[in-house]
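Shown next, in structure tokens, is the structure this report addresses.
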Amino acid sequence: MSDHAREFPRHVEEALEASAKLHADHYRDASRLQRAAERLTRIVGHPAFAVALTLMVAAWIGGNLAVARIGLRPLDAPPFPWLSGAVSLTALYTTVLILATARREDRLADQREQLTLELAILSERKTAKIIQLLEELRRDSPQVEDRVDEESAAMAQPSNPQAVAEAIKSTHADPMKS
């Protein structure tokens, strides 16, 4: 039993464990190359990287200008074509790293969305069953006046997820395609 067991009811603890397992499985299933890309993305995304990059560019420009001033041939004279190439290459690799990492994170988000949807459907069915049982109890109880409650009767029927999905599609249809 984890440290949280004293703080949370068991069902909350189980939900936390399921979420942690989803993330652990996602990390475990990553290839070495994916993990390396994620590490590099974290480094590139850190503010210190922007500072270091700025300092390197300033040092490159300053160094080449200083060498030219003292009469020597600079490695990369203005307009700094080598620096431009290096910056462009860095931008290209940074973009690819970010896209690769985002794509993998999107898969985790898709798994979370699917889990959320499945739990919502399950919760809706449980709620409908509870309403059915309450209505049955109301009808069977001699202390409660029996009456017709159309709203409760409708809510006691579980929704058809496929029909709801089709209704959403038709409701949110692109008006430009019509």
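Each reported figure results from applying straightforward, stated rules to the coordinates on display, with no laboratory input. These figures come from a predicted structure and were not determined experimentally. Cβ coordinates were reconstructed from backbone atoms using ideal geometry, including for glycine residues, and neighbour counts include every protein chain displayed.
A few remarks follow.
- DSSP loop GluC sites (Glu not before Pro) with at most 13 other Cβ within 10 Å: longest gap in the chain: 8-144
- Label sites at Val144 and Tyr93, each approximated as a point 7 angstrom past Cα along Cα to Cβ, lie 6.9 nm apart.
- Distance in nm between pseudo-label sites at Ile61 and Glu105 (7 Å out along the Cβ direction from Cα): 3.0 nm
- Taking the charge dipole of the chain about its Cα centre, with +1 at Lys and Arg Cβ atoms and -1 at Asp and Glu Cβ atoms, the residue from Ala163, Val51, Ile70 reaching farthest to the positive side is Ile70.
- Percentage relative contact order, the range 31-177, counting C-alpha pairs under 8 Å, at least six apart: 19 percent
- Degrees separating the helix 47-69 axis from the principal Cα axis of the chain, which is the longest one: 10 degrees
- Exposure proxy order (Cβ contacts within 10 Å, fewest to most) of Arg147, Arg35, Arg104: Arg147, Arg35, Arg104
- Centroid-to-centroid, using Cα positions, the range 6-35 and the range 117-178 are 32 Å apart.
- Across all C-alpha atoms in the range 31-177, the radius of gyration and Dmax reach 31.6, 106 Å.
- In order along the range 72-86, phi translates into HN-Hα couplings of 8, 7, x, 5, 9, 6, x, x, 6, x, 5, 5, 4, x, 5 Hz, rounded to whole numbers, per the Karplus curve 6.51 cos²θ - 1.76 cosθ + 1.60 with θ = phi - 60° and x for Gly and Pro.
- At R0 = 30 Å, FRET efficiency that the Cβ-Cβ distance of Ser152 and Ala173 yields, to 0.05: 0.40
- Taking Cα centre as origin and charging only the Cβ of basic (Lys, Arg, +1) and acidic (Asp, Glu, -1) residues, the dipole magnitude of the chain rounds to 1480 debye.
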